[in-house]
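The values are calculated or read from the model by the stated rules, or taken from the named source; none is laboratory data. Since this is a predicted model, take the numbers as computed values, not measurements. Backbone-built Cβ (ideal geometry, glycine too); neighbour counts: all protein chains shown. Protein only, heavy atoms only, side chains kept; ligands, DNA and RNA dropped before computing areas. Shrake-Rupley method; radii C 1.70, N 1.55, O 1.52, S 1.80 Å.
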Amino acid sequence: MTESTAARKPRRSAGSKAAGTTGSKAGTGKRTTRTTSTTRTAAEKGSDTELVQLLTPEGERVEDAAHAEYASYVADITPDELRGLYRDMVLTRRFDAEATALQRQGELGLWASLLGQEAAQIGSGRATREDDYVFPTYREHGVAWCRGVDPTNLLGMFRGVNNGGWDPNSNNFHLYTIVIGSQALHATGYAMGVAKDGADSGVIAYFGDGASSQGDVSEAFNFAAVYNAPVVFFCQNNQWAISESNEKQTRVPLYQRAQGFGFPGVRVDGNDVLASLAVTRWALDRARRGEGPALIEAYTYRMGAHTTSDDPSRYRHDDERAAWEAKDPILRLRRFLESANHADEGFFAELEAESETLGKRVREVVRAMPDPDRFAIFENVYADGHALVDEERAQFAAYQASFADAEGV
């Protein structure tokens, strides 16, 4: 069942409309509806009510009584706010594409693309309030966008010139966490502090399906449940933990793991921005009311490589990717906007121009960044220095000098 462990039915709080910038009205204008979704896959292995979906890949609104409680969280979404969600996804994808290209050109050391996961990130990111706190992994570029972090600030770490590039407390958006799964514990501890302070804000921790196999995540689940921490665990199940498929990680859908810890778990269509927004609003609302943690499994797909050092063609087939391309989150919302007469060609043309401007700014900012200090890695290993580190530094310096010698030949 979708939420077999929920202690009580979700209520709409007075603050839910103000969650983020996308509280909105689903719209006036023409709309096509259908009673159930027909986009289930064999891998989902669940009942018809397992996957929360409010917008089909064809851009049709889903009217499903089983998910009416979640749908109520976006029942008042306006056309302007729908266009805002679309803009967020388009610009986030463009930024991500520029970053990937810059890495291929040698401007970044590495990049972790979010391609295909825009709806999960924008929907959940726009569900947060300003006073909520976010703990990301290293792929939450769309959530960073929603929290007001300048996208160019994300790139310094991947160029090797800083350890993050932004003040976490300025946007309540923690620095990217490279260690897999540890941020779930950080988020839980922070949420426990929020509860002790008597605040009504929520905390959300992002991680992937691969991180769900880490002990830190299980420990976070247990602490959060025992202490009734106001934290939402948002798992982006993009089907692949680098080269390990879901089938090699779990015997049951990931959202069902919450049941063993005593809090509700929900699987949402992670390519549906409306469903992602609605379910995250529901989860954060109940957390702020003191009803404890929840697990959201956003069922989506990593369209690109794990990072730019990965070659997904070595472990997955093109037909699998093609099947998910048909569920593209941006195309899905565009189809709805067009069918409901919520956006015209002028809107899309203006957005394309804005996208080009963003891409140009990203390129200019990155190319203006200093080159990383290649020897900084040796500076803070020991407080008072060490003979072995000095020896390694000298060896590395000789290695670097060999390139200069070769260029002078």
Against the definition (of a type in the set (Val, Ile, Thr), at pLDDT 95 or above and part of a strand (DSSP E or B)), how does VAL143 come out, yes or no? no
Quick check on my filter: what residues within the stretch 202-214 are open to solvent by 10 Å² or more (accessible area, probe 1.4 Å) and either charged (D, E, K, R) or part of a loop (DSSP other than H, G, I, E, B) (or both)? GLY210, GLN214
Candidate set from the stretch 225-270 (those that are of a type in the set (Lys, Arg) and touching a Gly at 6+ places or on another chain (Cβ under 9 Å)); member that is surrounded by the fewest Cβ atoms within 10 Å (Cβ to Cβ): ARG257
The number of residues in the stretch 84-126 that are surrounded by fewer than 24 Cβ atoms within 10 Å (Cβ to Cβ), closer than 20 Å to ARG335 by Cα and β-branched (Val, Ile, Thr) is 1
State which residue pairs qualify: first residue of a type in the set (A, V, I, L, M) and inside the stretch 364-392, second residue open to solvent by 70 Å² or more (accessible area, probe 1.4 Å) in any location, beta carbons under 7 Å apart, and separation of 6 or more residues or different chains. VAL389/VAL381; VAL389/TYR382
Inside the stretch 340-378, the number of residues satisfying the requirement of being more than 30 Å from ASN162 (Cβ to Cβ), part of a helix (DSSP H, G or I) and open to solvent by 50 Å² or more (accessible area, probe 1.4 Å) is 5
Scanning the stretch 379-409 for residues that are open to solvent by less than 80 Å² (accessible area, probe 1.4 Å) and closer than 24 Å to GLN103 by Cβ, which turns out modelled with the highest pLDDT? PHE396
Within the stretch 127-149, identify whether any single residue is over 23 Å from THR357 (Cα atoms), open to solvent by 20 Å² or more (accessible area, probe 1.4 Å) and small (Gly, Ala, Ser), and answer yes or no. no
Report yes if GLU58 is open to solvent by 30 Å² or more (accessible area, probe 1.4 Å), of a type in the set (D, E, K, R) and either free of Cβ contacts under 8 Å to residues at least 40 places away in the same chain or part of a loop (DSSP other than H, G, I, E, B) (or both), otherwise no. yes
If HIS174 satisfies all but one of (1) open to solvent by less than 50 Å² (accessible area, probe 1.4 Å); (2) free of Cβ contacts under 8 Å to residues at least 60 places away in the same chain; (3) in contact with a helix residue (DSSP H, G or I) (Cβ under 8 Å, 6 or more places away or on another chain); (4) not charged (D, E, K, R), what's the number of the condition it fails? (1)
Output for the stretch 300-321, where each listed residue is farther than 17 Å from GLU118 by Cα and in a helix (DSSP H, G or I): PRO312, SER313, ARG314, ASP318, ASP319, GLU320
Residue, modelled with the lowest pLDDT, within the stretch 322-339, restricted to residues that are in a helix (DSSP H, G or I) and open to solvent by less than 40 Å² (accessible area, probe 1.4 Å): TRP324
Given (1) out of contact with any Pro (no Cβ under 7 Å at 6 or more places or on another chain); (2) outside any loop (DSSP other than H, G, I, E, B); (3) modelled with pLDDT of 95 or more, ALA43 misses just (3)
Conditions first: (1) assigned to a loop (DSSP other than H, G, I, E, B); (2) modelled with pLDDT of 95 or more. ILE180 passes all but one, so which condition is the exception? (2)
Consider GLU81 against the criteria (1) at pLDDT below 95; (2) open to solvent by 30 Å² or more (accessible area, probe 1.4 Å): it satisfies all of them except one. Which criterion is unmet? (1)
